[in-house]
Amino acid sequence: MKRVSLLLAVALGLATAVSARPAVIECWFVEDAGGGKLAKKPAALLLRQGAESPPPRPDLAPERYLKVHDPAGTLQAAFRQYPRDAPAPRCEMSLYVPLPASAKWLSGLTPEQSCPRALDGTWLMVSMSSPFLSLSSLLRPQSEPQPEPALITMATAVLTVFTHTPTPRIRIGQDALLDLSFAYMPLTPKAATSLAPGPPPFGLEWRRQHLGKGHLLLAVTPGLNGQVPAAREGAVAFAAWDDDEPWGPWTGNGTFWLPAVKPSQEGTYLATVHLPYLQGQITLELAVQKPPKVALTPAPLVWAAPGEAPPELLCLVSHFYPSQGLEVEWELRGGPEGRFQKAEGQRWLSALRHHSDGSVSLSAHLQPPPVTSEQHGARYACRVHHPSLPALGRSAEVTLQVAGLSGPSLEDGIGLFLSAFLLLGLLKALSWAAAYLATQNPTEKKLE
């Protein structure tokens, strides 16, 4: 009975996971409208379907309503980790023309510059992006829509590239690991390879764009013997096919590793998978960060007499990155009203101080106004908000003691008694030692 219950739970879990994946992705078909303008038309991708017919979409032209055949199952795999309550990814679709790669180090992929006839016809490139997924897929649609109850065009996913880390956040000094997966299903065995059964050679490149500049960080060509540009900044890629089926489909891995990340290495990363005459590319936005340390002085107590202003409070916010997005708030906790409130007084920030690792520091200052006796025991707090911190931020606090309002407690009295007792014992011991030394000196003189 337990075994049946376990199988039922697993089946229900799998059914829930499958139903959570999107069945239809709404897209925009983007094309050149002339004069430097783009035209956008609604489109949709039907990724999965049961035994029933596709739902009719009279608002879409049949050539823009696509039922996707995904032999490798990559599209469904890409959405397997997609949060159920997350908004659908942004999707754009455009025409694509198969061409050989232009880089010299990729010339071995296309010994013939003319595109094979097997790749003739219409091609579409689909790009999806969200905080949880970045995906690019080359689709080969059929020339005519299917005469089903709902006019729809069948399309085959030939090359799909995706990542589950489109917006990685890496701390300064830590390694960056950017995952990349791809799948390829040739249209015909002849298009798969002209050499031998099995996965074809491919090229993989990782580039970074930052502040208008582009840099090739890594280029590899598994299966080819040609020379490639040297890797930069210690970058490494795990570039390989995952299987060796004779005619596909094949899945591959191009995960990118960058050691000890620095602020200068943040920016847009472009990952491109090159196959003979076909290319799939996705973008990732790498952000480097470091949460600030917060310290408040004087601490843990600050003293002031009634009607006098406490000493200036200094909140040191140190070693954080980026410098943008930092906010410092001063709070008064407790006091007459017994709640948190915005602290009054004059406040200002120092200039940024730069450190060798790329992080920065600054000081926040508060000069509180004169205090009242009712504020005895209240706490001044410095709260810091930064993109690298949780929503509540990080804070440090000091306690305000108003002079003349706090007498010694029982613990203080016991501590004073013990201190006096120890001090008295120490004085007694010193007097005995002095008397002993005084008696020894005359004896030594007599012996001489």
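Gly307 fulfils the conditions (1) farther than 30 Å from Ser102 by Cα; (2) within 19 Å of the chain's Cα centre (by Cα); (3) open to solvent by 50 Å² or more (accessible area, probe 1.4 Å) except for a single criterion, (2). Here Ser359 fits the description: open to solvent by less than 10 Å² (accessible area, probe 1.4 Å), in contact (Cβ under 8 Å) with a residue 40 or more places away in the chain and within 25 Å of the chain's Cα centre (by Cα).
Restricting attention to the stretch 38-57 and to residues that are more than 36 Å from the chain's Cα centre (by Cα) and open to solvent by 80 Å² or more (accessible area, probe 1.4 Å), the residue that is modelled with the lowest pLDDT turns out to be Ala51. Residues that are outside any helix (DSSP H, G or I), of a type outside the set (Lys, Arg) and out of contact with any Ser or Thr (no Cβ under 9 Å at 6 or more places or on another chain) within the stretch 74-95 comprise Phe79, Gln81, Pro83, Asp85, listed in sequence order.
Criterion applied to Val261, Val294 was being closer than 30 Å to Arg353 by Cα and either aromatic (Phe, Trp, Tyr) or not in a strand (DSSP E or B) (or both), and the one residue passing it is Val261.
Residue count for the stretch 267-290, restricted to those that are outside any strand (DSSP E or B) and crowded, with 23+ Cβ neighbours inside 10 Å: 1.
So, in the stretch 149-175, how many residues would count as being more than 30 Å from Pro54 (Cα to Cα) and part of a strand (DSSP E or B)?
3
Restricting attention to the stretch 98-118, the residues that are of a type outside the set (A, V, I, L, M) and surrounded by 11 or more Cβ atoms within 10 Å (Cβ to Cβ) add up to 9. Hey, any hits in the stretch 198-211 for a residue that's more than 26 Å from the chain's Cα centre (by Cα), farther than 30 Å from Pro186 by Cα and aliphatic (A, V, I, L, M)? No; the residues of the stretch 198-211 include none that is more than 26 Å from the chain's Cα centre (by Cα), farther than 30 Å from Pro186 by Cα and aliphatic (A, V, I, L, M). For the stretch 338-356, the candidate set comprises residues that are of a type in the set (A, V, I, L, M, F, W, C) and farther than 30 Å from Ala260 by Cβ; within that set, the residue that is least open to solvent (accessible area, probe 1.4 Å) is Ala343.
For the residues Arg169, Arg117, the requirement of being basic (Lys, Arg) and closer than 23 Å to Trp257 by Cβ singles out Arg169.
The values are calculated or read from the model by the stated rules, or taken from the named source; none is laboratory data. Predicted model only: the values in this text are computed from it and were never measured. Positions of Cβ are backbone-derived with ideal geometry, glycine not excepted, and every protein chain shown enters the neighbour counts. Side chains are part of the model used for accessible areas, which takes the heavy atoms of the whole protein and leaves out ligands, DNA and RNA. Shrake-Rupley method; radii C 1.70, N 1.55, O 1.52, S 1.80 Å.
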